[in-house]
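A short write-up of the structure that comes next.
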Amino acid sequence: MMSARIPRNPEPGGGNTSPEAAASAAQPPIDEPRAAWAVGTVMAAIPCSARDAGRVLGAAARAAGVTSAELAAAMAADARGVAMPARVERALHRAVAAARALPPRAAYIGLMPSRARTAEVLEEFRGCQSRLTDAPSDMRARQALDDAAYTLCVLLGRTGVHDAVLAAEEHLTTGAGGGPSPAAGSGGVRR
């Protein structure tokens, strides 16, 4: 059974350490590749921007009482088959669920894009999401997903990526998306 905190590797040599070394060992250095992988994993799972993924990870770390580096380490270990501590896993699941929860929709004011353009942008977003799922620490894949998410949000007039994805899917299936479709006789100009 894992301890409540993620175990740290002991100093090589295992002998006496200076007070400065002991102080720096209190907070493990942030493992950038592991942190990038954790951010990419959350971006692909929710979906969300890199900034929002960092916020989700920070909230989960605070709720679990661990550092962001420890959370990333637990996530990486979990991906290799080593179970996360229960409270870390619960905190991460709660933070992801909170990020997926949508605020009440405001009335959409404006023209909806054509279904063809919506399908094109959503397909690009899904492709970027798939690439990031395959390689969560790939910075180019993260940037591509961030760019595609931004385009989708702007196209559909949404502030959250998850909301924009749902609005795009709704627009493609029903012709709606929080407001009237241009094809539904609203007098809108097709793009």
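Could you work out how much longer the chain between Val82 and Ala116 gets when fully extended? Use 0.36 nm per residue separation minus the Cα distance between them, nm to one decimal. Provide the component values of the computation, followed by the final result.
Numbers: separation 34, 0.36 × 34 = 12.24 nm, distance 4.41 nm.
Working it through step by step, the gained length comes to 7.8 nm.
Given contacts defined as C-alpha pairs under 8 Å and at least six residues apart, what's the relative contact order of region 50-170, whole-number percent? Intermediate results must be reported in sequence, preceding the final value.
Numbers: 88 pairs, mean separation 24.4, N = 121.
Over region 50-170, the number comes to 20 percent.
Distance from a point 7 Å along Cα→Cβ of Glu169 to each backbone N in region 81-102: keep the residues under 20 Å and list them by number.
Under 20 Å, as judged by backbone N against the label point of Glu169, lie 93-102 of region 81-102.
Throughout, read-outs are computed from the coordinates displayed, never taken from laboratory work. Just so you know, these numbers come straight off a predicted model, no measurement behind them. Note that we place each Cβ from the backbone using ideal geometry, even for glycine, and neighbour counts take in every protein chain shown.
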